[in-house]
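Take a look at the structure set out below.
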Amino acid sequence: MENCDINKIAKMIDHTELKSNSGQKKILNLCNEAKMFGFVSVCINPAYVKFAYEQLKDSGVLVCSVIGFPLGMNTSKLKALEAEQAVSDGAKEIDMVINVGAMRDKKYDFVKDDIKQVVESSSPSHVKVIMETCYLTDDEIVKACQLAVEAGAHFVKTSTGFGAFGAFPHHVKLMRETVGPDIGVKAAGGISNFKDAIRLINAGANRLGTSAGVMILEGAKLFKFAPEAWLEPEIPCHICPSRHATMAKLPKAVYTYYKKKCLTCEHREKYNRFYD
Amino acid sequence: MNGWMGKIIKIDLSTGKQETVEIDDNIRRKYLGGRGLGVKLYTEICSPQTEPLCPQNALIFLTGPLTAVMPTSGRFHVISRSPLTNTICDSSSGGIFGAELKKTGLDGFIVTGKAAKPVYLNITDNGIEIRNAEHFWGLNTQQTKEAIIKETKAGSSVASIGPAGENKVLFAAIMNDKDRTAGRGGMGAVMGSKNLKAVVVKGTGKVSVNDPDALKAFLPKLDRLIDKNPITGKSLQLMGTSVLVNVMNAHGLYPTRNFQGGVFNDAEGVSGEKLSENFVHKKSACYKCPIACGRTTKTANKEGEGPEYETLWAFGAQLGVNDLTAITEANYVCNELGLDTITCGSTIGCAMELYEKGVFPFELKWGDADKLVKLVEDIAYKRGIGTELSLGSKRLAEKYGRPELAMQVKGMEIPAYDPRGVQGQALSYATNNRGGCHIKAYMIGPEILGSPVFLDRFATKGKAEIVALLQDISAMVDSIILCRFLQFAMSPSTFAEMLNIVTGLDFTDDELLKIGKRIYTLERKFNIEAGFTRKDDTLPPRFLNEFLPEGASRNRIVKLDEMLDRYYKIRGWDKNGVPTDETLKELEI
């Protein structure tokens, strides 16, 4: 994105509030903010879909509900039912979490069918498939994207925001390359400012899931006054998933995968100040 | 007229004569109010040869076009030449004084001359009255406030000096509404030099707003902007500025023992968390402020406001003191006697290092908490050792032959962020027009807090651009006058929106930034004409040559040379830091 177009960014943001402790007032604020700042949707838990729909009808702001969230470990039938209910409550977009364990077990037919059941029960609403990229290797991310497309999903999405880490340009780029231009790519998790947002958009995202949308838009208004300085690249490690892979939060195999990439990284020699 | 009240009074205390200062609409549009208009007026009234403590020096109190209208708009700015730094200087304070002043029908007032005996100004809807203050001379700021309100009107707002200002301590502050402070640069000493003990304001007027309906519609948006920003919507609301102690310590930026280190091992014990647990008993807020960063605290002996982050550091880690009660009470005494806590603590720290190095004759040891309150009192009253400390660290260290041990820029002490771990903040300190101050371009925002984005704190590339930008934004916000904390949550275009709703004019963010740049450049021009040069845009050698010994900023020094030329170029200044003719012409200075 060469120019930081505020309206364009706003129309890419799913204004998000998914915490378990969020009460109705927070959802009301979320809806009001979405109207005020022109976000494309509010992304919320299913319990608030009906309420949010009431707040937003005729506003042009969509309601997006998460399904099987955040672990993706419900049965396919329950996910489909949950999606059906959300759509009937007013959700125009459904963000479902895949069964990450099944994906890692290479049970591809199961994963595809899991997605397909949600896609079918959500129609005509659009479905975004959250693959929780932090728990997958690059090859697994590519495969998960292919399965989502084959199952009829409209978007692939990086993260729930509840995993070990969120969206990185590396993963978004990989996903965009895999799904091509006709399927959406949503980056979510850890997007806290306009620099994060622009990086992810430049990597191929056309939708952003974030609770920091208001700040992102307001901050982005500063962009024009020193565009190159604001986007001055930090050392590559800052935005590399390998740097953020931690032993405590990742499966052994995934942790080892990322750290191996880190050890063989072309930038390691130049930017290894974290390791001195 | 919308936004502005359209009236500024100039009062000569030598003669008692008052006159109305006419402000052209064009000047108002170019300089707004507060700091900007104050600097413009100051440079027209005074010259770079005007000594700060002489009667000819002007002391200007100004509000801005948003004062008494928008949330956080109770602030005012005091503009003069600093006796501490000899630079042009503005100092800002919160509370309700600014709002009350504006409600009297004035945008502000200018004080020149010197009264033959102590006086105070009583400002109401009926104008300015000079009253005798001989019976208040010697009172501390709290006593002054109470006594003056008894003599005037309940609900009035009082800005006064304490004994430090009366004694012309070079870093004396002006205190208002009990514990709000126009702290930096010694504006209290200028006030004292005029025999002006206090100003009391009480107004009943209203500020005319161009579009009240638009204002009503805008306020919910403002509320959301403040609430959604984690700094204004959470950290400051929960803990005030003291939330920063543990953050800075974790980054290895918490200056310890006169900046000899960047990690204070006892930080946890003097942190905002500990202050909240043990001393805070209620929150306090300035005029129409939803953030309410103020903290009313209590020790076993006293009650007062604060300490804030900078003061926790100045009387804590800077001195190796880990006694939170001693720090809190030293802060109370500074407020009562009217002293800038940052310069006060930093100067004591300088003296402690001078003693450590064997060149200072008075025993002052790191961690000596028991001496703190007495030291502060001695400084305010210029007694004994306090006479020397009352000069600030630069003059003190020069006197003892170790100027490099004063942690200052242009004579103003650097506050609680070691610049070696934040290259942009280092450039901000070095180039600040009023000296070593953190708030004129708060690079801690992008370099540590990620506001508005994270910038690599150890990198120098791109920092000149951001420092200049934040300096211009700050100059503008200081002139419309809103609380600087709103800068975390709002962009210049939102400030322009607010300004347009209130004034009915058509400001854009580009114009506001140009105004900021104009103000900053005019300040610079004055300083250059007063004798400041490129060599003053530097930092103490410790930051340029000595690596931080431990912590998350270990082995870092400031790389000022990598940033300064670029900064001058962006500013439109020549290689010596002098604004070029083209720049002055472009900015219509």
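Regarding B:Gly462, is this residue within 30 Å of B:Gly551 (Cα to Cα) and modelled with pLDDT of 95 or more? Quick ask: steps written out before the conclusion?
Numbers: within 30 Å of B:Gly551 (Cα to Cα): yes; modelled with pLDDT of 95 or more: yes.
Answer is yes for this residue.
Taking the stated definitions as given, is A:Ile115 among the aliphatic types (A, V, I, L, M) and either at pLDDT below 95 or within 13 Å of the chain's Cα centre (by Cα) (or both)? Can you show your working first?
Working: among the aliphatic types (A, V, I, L, M): yes; either at pLDDT below 95 or within 13 Å of the chain's Cα centre (by Cα) (or both): no.
It is false that A:Ile115 is among the aliphatic types (A, V, I, L, M) and either at pLDDT below 95 or within 13 Å of the chain's Cα centre (by Cα) (or both).
Inside segment B:211-221, can you point out the residues that are over 15 Å from B:Pro71 (Cα atoms) and either open to solvent by 80 Å² or more (accessible area, probe 1.4 Å) or assigned by TED's automatic domain parsing to the domain that holds B:Ala68 (or both)?
B:Asp213
Considering every residue within segment B:429-440, establish whether at least one is within 22 Å of B:Gln237 (Cβ to Cβ), open to solvent by 10 Å² or more (accessible area, probe 1.4 Å) and in contact with a helix residue (DSSP H, G or I) (Cβ under 9 Å, 6 or more places away or on another chain).
So the first thing to find is which residues in segment B:429-440 are within 22 Å of B:Gln237 (Cβ to Cβ), and the list is B:438-439.
Pick out the ones that are also open to solvent by 10 Å² or more (accessible area, probe 1.4 Å) and you get B:438-439.
Filter again for in contact with a helix residue (DSSP H, G or I) (Cβ under 9 Å, 6 or more places away or on another chain), leaving B:438-439.
So far as segment B:429-440 goes, yes, one or more of its residues are within 22 Å of B:Gln237 (Cβ to Cβ), open to solvent by 10 Å² or more (accessible area, probe 1.4 Å) and in contact with a helix residue (DSSP H, G or I) (Cβ under 9 Å, 6 or more places away or on another chain).
Out of B:Asn229, B:Asn140, B:Asn167, which single residue is within 14 Å of another protein chain (Cβ to nearest Cβ) and within 30 Å of B:Gly435 (Cα to Cα)?
On the way: B:Asn140 fails: within 14 Å of another protein chain (Cβ to nearest Cβ); B:Asn167 fails: within 14 Å of another protein chain (Cβ to nearest Cβ).
From the options B:Asn229, B:Asn140, B:Asn167, the qualifying one is B:Asn229.
Tally time: how many residues in segment A:110-126 are polar (S, T, N, Q) and open to solvent by 70 Å² or more (accessible area, probe 1.4 Å)?
From segment A:110-126, those polar (S, T, N, Q) are A:117, A:121-123, A:125; that's our starting set.
Now drop any that are not open to solvent by 70 Å² or more (accessible area, probe 1.4 Å), which leaves A:123.
Selection size over segment A:110-126: 1.
Which members of segment A:213-226 meet the condition of being open to solvent by 40 Å² or more (accessible area, probe 1.4 Å) and more than 8 Å from chain B (Cβ to nearest Cβ)?
The first filter runs over segment A:213-226 and keeps only residues open to solvent by 40 Å² or more (accessible area, probe 1.4 Å), leaving A:215, A:221, A:224-225.
A:Lys224, the sole residue that qualifies.
Sort out which residues of segment A:75-104 are within 20 Å of A:Ser159 (Cβ to Cβ), open to solvent by 60 Å² or more (accessible area, probe 1.4 Å) and without any contact (Cβ under 8 Å) to a residue 60 or more places away in the chain, and write them in order of number.
The answer is none; no residue qualifies.
For segment A:227-276, give me each residue that is among the aliphatic types (A, V, I, L, M) and away from chain B (no Cβ under 14 Å).
Step one: of segment A:227-276, the residues among the aliphatic types (A, V, I, L, M) are A:229, A:231, A:235, A:239, A:245, A:247-248, A:250, A:253-254, A:263.
Listed by number, the residues that qualify are A:Ala245, A:Met247, A:Ala248, A:Leu250, A:Ala253, A:Val254, A:Leu263.
Under the condition of being within 14 Å of another protein chain (Cβ to nearest Cβ) and touching a strand residue (DSSP E or B) at 6+ places or on another chain (Cβ under 6 Å), which residue from segment A:35-54 is farthest from A:Val214 (Cα to Cα)? Working first, answer last.
From segment A:35-54, those within 14 Å of another protein chain (Cβ to nearest Cβ) are A:35-39, A:42; that's our starting set.
Next, only the ones that are touching a strand residue (DSSP E or B) at 6+ places or on another chain (Cβ under 6 Å) stay: A:39, A:42.
Details: A:Phe39: 9, A:Val42: 12 Å.
Among those that are within 14 Å of another protein chain (Cβ to nearest Cβ) and touching a strand residue (DSSP E or B) at 6+ places or on another chain (Cβ under 6 Å), it is A:Val42.
Can you name every residue in segment B:462-483 that is free of Cβ contacts under 8 Å to residues at least 60 places away in the same chain and either open to solvent by 20 Å² or more (accessible area, probe 1.4 Å) or assigned to a helix (DSSP H, G or I) (or both)? Lay out the reasoning, then the answer.
We begin by selecting, within segment B:462-483, every residue free of Cβ contacts under 8 Å to residues at least 60 places away in the same chain; these are B:462, B:466, B:469-474, B:477.
Answer for segment B:462-483, where residues must be free of Cβ contacts under 8 Å to residues at least 60 places away in the same chain and either open to solvent by 20 Å² or more (accessible area, probe 1.4 Å) or assigned to a helix (DSSP H, G or I) (or both): B:Ile466, B:Leu469, B:Leu470, B:Gln471, B:Asp472, B:Ile473, B:Ser474, B:Val477.
In segment B:1-33, how many residues are assigned to a strand (DSSP E or B), touching a residue at least 12 places away in the same chain (Cβ under 8 Å) and either of a type outside the set (A, V, I, L, M) or open to solvent by 80 Å² or more (accessible area, probe 1.4 Å) (or both)?
If we filter segment B:1-33 for residues that are assigned to a strand (DSSP E or B), which is where we start, we get B:8-12, B:18-21.
Now restrict to residues that are touching a residue at least 12 places away in the same chain (Cβ under 8 Å): B:8-12, B:18, B:20-21.
Filter once more, so that each one left must be either of a type outside the set (A, V, I, L, M) or open to solvent by 80 Å² or more (accessible area, probe 1.4 Å) (or both): B:10, B:12, B:18, B:20.
Residues meeting the conditions: 4.
I need the full set of residues from segment B:416-428 which are of a type outside the set (D, E, K, R) and in contact with a Lys or Arg (Cβ under 9 Å, 6 or more places away or on another chain), in order please. Walk me through it before giving the result.
If we filter segment B:416-428 for residues that are of a type outside the set (D, E, K, R), which is where we start, we get B:416-417, B:419, B:421-428.
B:Gly421, B:Val422, B:Gln423, B:Gly424, B:Gln425, B:Ala426, B:Leu427, B:Ser428 - these are the residues of segment B:416-428 that are of a type outside the set (D, E, K, R) and in contact with a Lys or Arg (Cβ under 9 Å, 6 or more places away or on another chain).
Answer yes if at least one residue in segment B:504-527 is more than 14 Å from chain A (Cβ to nearest Cβ), polar (S, T, N, Q) and in contact with a Leu (Cβ under 6 Å, 6 or more places away or on another chain), and no otherwise.
Scanning segment B:504-527 turns up at least one residue that is more than 14 Å from chain A (Cβ to nearest Cβ), polar (S, T, N, Q) and in contact with a Leu (Cβ under 6 Å, 6 or more places away or on another chain).
What's the total number of residues in segment B:443-461 that are buried (at least 22 other Cβ atoms within 10 Å of the Cβ) and either within 11 Å of chain A (Cβ to nearest Cβ) or out of contact with any Phe, Trp or Tyr (no Cβ under 9 Å at 6 or more places or on another chain) (or both)?
6
Can you name the residue in segment B:484-500 that is open to solvent by 20 Å² or more (accessible area, probe 1.4 Å) and either among the hydrophobic types (A, V, I, L, M, F, W, C) or within 12 Å of chain A (Cβ to nearest Cβ) (or both) and, of all such residues, is nearest to B:Ser93 (Cα to Cα)? Before you say what the answer is, go through the steps one by one.
At the first step, the residues of segment B:484-500 found to be open to solvent by 20 Å² or more (accessible area, probe 1.4 Å) are B:484-485, B:487-488, B:493, B:497, B:500.
Then keep just the ones that are either among the hydrophobic types (A, V, I, L, M, F, W, C) or within 12 Å of chain A (Cβ to nearest Cβ) (or both); that gives B:485, B:487-488, B:493, B:497.
On the way: B:Phe485: 13, B:Gln487: 16, B:Phe488: 18, B:Ser493: 24, B:Glu497: 24 Å.
So the residue we want is B:Phe485.
The values are calculated or read from the model by the stated rules, or taken from the named source; none is laboratory data. Just so it is clear, the model here is predicted, and its values are computed rather than measured. Neighbour counts are summed over all protein chains in view; Cβ atoms, including those assigned to glycine, are modelled from backbone coordinates with ideal geometry. Only protein heavy atoms, including side chains, enter the accessible area calculation; ligands, DNA and RNA are left aside. Shrake-Rupley method; radii C 1.70, N 1.55, O 1.52, S 1.80 Å.
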